[in-house]
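Quick notes on the structure that follows.
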Amino acid sequence: MYTMETDRIILRKWRESDAESLYKYASDPELGPRAGWPPHTSVDESLHIIQTVFNTETMWAVEMKETSDAIGCVGYLPAMNSNLKIPDDQCEVGYWIARPYWGKGICTEALKLVIDYCFNKKGFSILWGDYFPENPASGRVMEKCGFVDTGKEVLCPNLEVGADRPVRVMRLEKGQ
């Protein structure tokens, strides 16, 4: 798996040893529902998520260099796995960062690395993102990375939490 980094973070493959750190942050009742999933209820559940959801070539753990803790997740969904109806040469990006790290620019740093990877290594032409309007900070992360609000809202019926709530759709074209 391709590893990426900035001065503060490393994007790397999720490890089973990250389960306790993942549970510590993903059990926060404020976090998961903002991203479309329920809070984790045990370390075993977090381990299962690492093994079944995060164990792909398209999802990275966001590791703080100073602590070596996995504090979030960032990645992309190819068109066939996307919440949005998009062509095969496009993908959907997604991310979450643990609450103690909100407002520190870490999510923006991580997303910029994934954007570069998606455009320059994978050759996608357009990237899509979406967020719940009641979580405007997620939209601001995309705006800081150059995404433009399409003005569209859609439902994402495959979300575990929020499938009945519309998400706001953002778009970024290569070279924009």
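Please treat every number below as a calculation from the coordinates, not as lab data. Remember, it's a predicted structure, so these values are computed and weren't measured experimentally. Every residue, glycine among them, receives a Cβ derived from its backbone with ideal geometry; neighbour counts consider all protein chains shown.
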Past 27 Å, Cα to Cα: identify those pairs from 24/104; 65/174; 65/85; 65/121, in the order given.
65/174; 65/85
Residue 58: net charge of surrounding residues, Cβ under 13 Å, Lys/Arg +1, Asp/Glu -1, itself excluded?
+1
Where both residues lie in the chain, what percent of DSSP beta bridges are antiparallel, nearest 5?
90 percent
Cβ-placed point charges (K, R +1; D, E -1), dipole of the chain about Cα centre in debye, nearest 20:
440 debye
Which whole-Hz ³J(HN,Hα) couplings does segment 104-109 yield from phi under the Karplus relation 6.51 cos²θ - 1.76 cosθ + 1.60, θ = phi - 60°, glycine and proline marked x?
10, x, 5, 4, 4, 4
Between beta-carbons, use under 14 Å as the cut-off and find the net charge around residue 13, counting Lys and Arg +1, Asp and Glu -1.
-3
Once Rh is set to the Kirkwood radius over Cα pairs, what Stokes-Einstein translational diffusion coefficient, in µm²/s, holds for segment 4-173 at a temperature of 20 °C and a viscosity of 1.002 mPa s?
134 µm²/s
Along the charge dipole of segment 4-173, pointing to its positive end and built from +1/-1 on Cβ of Lys, Arg, Asp and Glu, which listed residue (31, 172, 58) has its Cα farthest out?
172
Would you give the gap between the C-alpha center of segment 141-176 and the C-alpha center of segment 35-60, rounded to a whole Å?
21 Å
Could you work out the relative contact order of segment 4-173? I mean the mean sequence separation of Cα pairs under 8 Å and 6+ apart, divided by the number of residues, in percent.
20 percent
Given labels modelled 7 Å from the Cα in the Cβ direction, how far is it in nm from residue 154 to residue 2?
2.4 nm
Quick one: if the Förster radius is 35 Å, what FRET efficiency do residue 125 and residue 65 give, using the C-beta to C-beta distance and rounding to 0.05?
0.60
Whole-Hz ³J(HN,Hα) for each residue in segment 44-58, computed from phi via Karplus 6.51 cos²θ - 1.76 cosθ + 1.60 with θ = phi - 60°, x for glycine and proline: what do you get?
4, 5, 4, 4, 4, 4, 4, 6, 10, 9, 7, 7, 9, 7, 10
Among 91-102, 132-143, 154-165, the order from most to least packed when residues are scored by Cβ within 10 Å on average
91-102, 132-143, 154-165
